[in-house]
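Please treat every number below as a calculation from the coordinates, not as lab data. Given the structure is predicted, the values throughout are model-derived calculations rather than measurements. Every residue, glycine as well, gets a Cβ built from its backbone with ideal geometry; the counts of neighbours run over all protein chains shown.
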Amino acid sequence: MGMIKITLPDNSVKEFEQGATPMDVARSISEGLARNVISATFNGTKVETVSALEEDGKLVLHTWNDDEGKKAFWHSSSHVVAQALEELYPGIKLTIGPAIENGFYYDVDFGEHTISEKDFPAIEKKALEIARGKHEFKMRAVSKQEALSYYEDQQNEYKTELIENLEDGSITFCDHDTFTDLCRGGHIPNTGFIKAIKILNVAGAYWRGDENKPQLTRVYGISFPKQKELTEYLALLEEAKKRDHRKLGKELDLFTFSQKVGQGLPLWLPKGAALRERLEQFLKKAQKQAGYEMVVTPHIGQKELYVTSGHYAKYGEDSFQPIHTPKEDEEFLLKPMNCPHHCEIYNARPFSYRELPKRYAEFGTVYRYEQSGELHGLTRVRGFTQDDAHIFCTPDQLDQEFKEVIDLSLYVLNSLGFDNFTAQVSLRDPEQPDKYIGTIENWEKAERAIINAAKEKGLNYKIVEGEAAFYGPKLDFMVKDALGRQWQLGTIQVDYNLPERFDLTYKGSDNESHRPVMIHRAPFGSMERFVALLLEHTGGNFPLWLIPEQAIILPVSEKHEKYAEKVLNSLENHEIRALADHRNETVGKKIRDAEMNKIPFMLIVGEQEESESMISVRRHGGEDLGKISVKQFVDLVEKEISSTLKSFK
């Protein structure tokens with residue numbers, strides 16, 4: 001038997017006999033690691049911890065602390081829950097059961113059976129009973145005919161349809177205990193690693209996401225290697241429910257939806273519109289300091305525009321149907337992307353290298369036809385506004401421009417309290433050059449620019465090969481919110497594709513035409529999604545500079561209303577957003593309502609305050625700041641705002 005060389009993530013190389021398993025490699029490092037390894041990746045492909053390794057390659061061992069480890073854990077758990085469902089509901093038909101960002105789901109045709117929340121404890125009990133058996137997950141290859149026969153015997157047309165679309169020789173089953181499932185692999189060693197399971201909810205889902213196909217029941221669940229972690233997760237879920245942006249948006253009068261207007265098309269109420277406007281002005285001010293010019297483009301464009309850019313091929317199925325005009329063969333689309341329009345703005349006149357870079361920015365509304373089942377509040381909508389900008393520069397300017405975009409993105413994140421983030425540098429897959437366009441020289445320059453910029457800016461970043469866009473590498477900011485959930489906020493992409501497709505040029509110092517490089521960037525991403533995440537991150541307690549109402553004046557009785565109005569006028573003269581509560585309610589009731597509306601400061605005015613020309617200040621949350629003058633309060637607000645909202649440059 002020959003020897004193979006295994007390369008580990010730290011680039012160290014270890015030799016093993018052919019047939020060694022990832023678990024053998026783990027044991028060679030330490031028994032502690034072997035106890036914690038739950039899955040593995042070999043040469044970029046998910047493998048079992050007991051898979052025989054027959055050739056040289058790169059091996060990554062995953063534990064529960066790794067994203068890939070969690071995926072394997074949750075995917076394995078979906079098998080266990082599927083077995084429990086089959087035992088509890090005989091005759092059901094299983095379809096697919098993948099791991100998702102938090103947990104897993106399994107889509108099931110329950111036939112005559114019904115399932116509701118009251119059934120969850122029984123499913124969890126049965127699944128844990130199976131898990132405690134410590135059954136090994138065993139992969140085996142099967143022929144296409146064997147696989148079809150197995151599921152035809154079970155009369156499962158869903159699995160049969162999946163198998164019919166697979167090539168013979170590429171089909172595998174996974175067995176554990178008495179359960180068998182069609183599966184590509186990537187499991188934990190055995191079911192015993194699963195110590196806690198929770199069925200979270202059930203929902204309807206169409207087979208293959210097609211509204212014309214049967215509706216299934218999607219069973220969502222999550223699992224953990226320790227009961228304590230499940231308990232902590234459920235507490236987090238409860239907090240997340242309180243912070244749900246749909247709930248807070250309604251309570252704070254920020255936005256609404258209307259079936260008559262259409263699904264996925266948010267309507268911004270006055271307070272929400274004002275909040276959006278402040279966010280826009282905040283970024284516009286920073287962009288102006290950074291040399292951007294604002295442009296405006298229409299909400300529609302000729303179909304040919306998006307065919308040229310490549311967006312029709314990519315987003316055509318997800319776009320609204322073309323708009324036909326009275327003119328024969330003339331078609332328009334609701335704009336799915338702003339970048340083709342910006343390319344045409346650049347193309348409106350010739351440029352010299354001395355005029356570059358050109359930085360065009362726009363709060364441009366785009367439209368994509370998301371499936372109704374995928375719509376979710378402001379985070380998944382059909383019409384949304386991107387804080388889009390496109391920089392056209394020479395290749396020599398790319399490095400500096402990219403670093404300046406990082407500066408702007410960091411300014412946005414820091415000003416809004418997103419201080420827990422990492423950066424992901426997405427590069428091309430060097431083993432699959434045909435997936436990408438452009439010269440290797442340009443790719444290497446772009447990748448170096450991103451990596452060097454991330455290093456120079458001291459970013460906590462990781463490099464991921466194979467995640468680049470087909471036109472160029474990118475850097476994404478992965479932000480953790482107050483509940484520890486990770487979101488992608490802000491992206492910077494380097495593009496050699498659109499300048500080529502739109503034949504963009506500039507005249508160089510050699511008097512010849514050259515192709516500019518294009519940088520795409522959007523620090524917010526979309527206004528809708530950003531506001532949703534900001535709502536959930538802050539729980540509706542926005543930064544003082546952003547919140548719709550910074551203070552509310554609470555007169556003790558009707559005879560103090562004139563003084564309350566005088567205080568209000570003084571605050572408005574200092575550009576502090578305030579209102580006076582003149583309702584015929586007790587001060588206690590007014591305070592409770594102000595707390596519910598998350599107003600940062602409550603200014604109580606009664607006989608004593610009026611006689612002394614003072615105000616009694618209470619901060620949201622209950623802190624009593626005592627009696628101070630209006631001028632002192634103005635200074636307090638201005639100081640607090642300036643500490644969080646510094647000038648960009």
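Greater than 23 Å separation of Cα atoms is the criterion. Which listed pairs, Lys14/Lys134; Lys590/Lys627; Lys284/Lys631; Lys134/Lys228, meet it?
Lys14/Lys134; Lys284/Lys631
Determine which lysines satisfy two conditions relative to Lys303: a Cα distance under 18 Å, and not lying fewer than 8 residues away in the same chain. Reachable lysines: Lys314, Lys327, Lys335.
Calculate how many DSSP beta bridges within the chain are antiparallel, expressed in % of all such bridges and rounded to the nearest 5. Here the share of antiparallel DSSP bridges comes out near 85 percent. With the highest mean first, a sort of the peptides 492-498, 272-278 on other beta-carbon atoms found within 10 angstrom per residue produces 492-498, 272-278. The Cys residues in the chain with no partner Cys Cβ within less than 4.7 Å of their Cβ are Cys339, Cys343, Cys393.
If both residues of a DSSP beta bridge must be in the range 283-400, then about 90% of such bridges are antiparallel. When each of the peptides 509-516, 125-132 is scored by how many other beta carbons lie within 10 Å of its residues on average, the order from highest to lowest is 125-132, 509-516. Both numbers refer to the Cα atoms of the range 67-190; Rg and Dmax are 14.3, 43 Å.
Counting Cα-Cα pairs of the chain in 10 Å increments starting at 0 gives whole-percent bin shares of 3, 12, 19, 22, 21, 14, 7, 2, 0, 0. Per-residue Karplus couplings for the range 279-284, computed as 6.51 cos²θ - 1.76 cosθ + 1.60 with θ equal to phi - 60°, are listed in order as 4, 4, 5, 4, 6, 4 Hz, Gly and Pro entered as x. Restricting the GluC sites (Glu not before Pro) of the range 592-649 to loop positions (DSSP other than H, G, I, E, B) with no more than 16 neighbouring Cβ atoms within 10 Å leaves Glu623.
Amide H contacts of Ile171: Val142, each under 5 Å away and 5 or more positions distant or on a separate chain (H built 1.01 Å from N in the peptide plane; Pro and chain starts excluded). Between helix 67-88 and the chain there is an angle of about 70 degrees, using the helix long axis and the longest principal axis of the Cα atoms. Rounded to the nearest whole Hz, the Karplus-based 3J(HN,Hα) values (6.51 cos²θ - 1.76 cosθ + 1.60, θ = phi - 60°) of the range 506-518 follow the sequence 9, 8, x, 5, 8, 6, 9, 7, 10, 8, x, 9, 10, with x at glycine and proline. For the residue pairs Lys58/Lys462; Lys435/Lys457; Lys71/Lys462; Lys403/Lys474; Lys46/Lys138; Lys71/Lys247, the alpha carbons lie more than 22 Å apart in Lys435/Lys457; Lys71/Lys247.
Ordered by the count of other Cβ atoms within 10 Å of each Cβ, fewest first, Met614, Met3 give Met3, Met614. How far is helix 398-415 tilted, in degrees, relative to the longest principal axis of the Cα atoms in the chain, given as a value from 0 to 90 rounded to the nearest 10? Helix 398-415 sits roughly 70 degrees off the main axis of the chain.
Remark: spin-label model distance Ala274-Lys480 equals 3.6 nm, labels positioned 7 Å along the Cα→Cβ axis. Among Val13, Val366, a tally of other beta-carbon atoms within 10 Å of each Cβ gives an order, fewest to most, of Val13, Val366. Taken one residue at a time, the phi angles of the range 433-442 give Karplus couplings (6.51, -1.76, 1.60, θ = phi - 60°) of x, 5, 6, 10, 10, x, 7, 4, 4, 5 Hz. Gly and Pro are set to x. Ranking of Tyr461, Tyr89 by neighbouring Cβ atoms within 10 Å, starting from the fewest: Tyr89, Tyr461. Dividing the Cα radius of gyration of the range 131-236 by its Kirkwood radius returns 1.03 for Rg/Rh.
Shape index of the range 515-581: Rg/Rh, with Rg the Cα radius of gyration and Rh the Kirkwood radius from the inverse mean 1/r over Cα pairs, equals 1.28. Compactness ratio for the range 354-483: Cα radius of gyration over 2.2 N^0.38 Å (N = residue count) comes to 1.19.
Counting only DSSP beta bridges with both residues in the range 551-644, tell me the antiparallel percent, nearest 5.
50
Note that the range 551-644 carries a Kirkwood radius of 13.1 Å, evaluated over its alpha carbons pair by pair.
Sorting 467-477, 526-536 by their mean Cβ neighbour count within 10 Å, with the most densely packed peptide first, gives 526-536, 467-477.
Annotation for Ser643 and Asp503: the two label points, set 7 Å from Cα along the Cα-Cβ direction, are 5.9 nm apart.
Compactness of the range 3-63, taken as the C-alpha radius of gyration over 2.2 N^0.38 Å, stands at 0.96.
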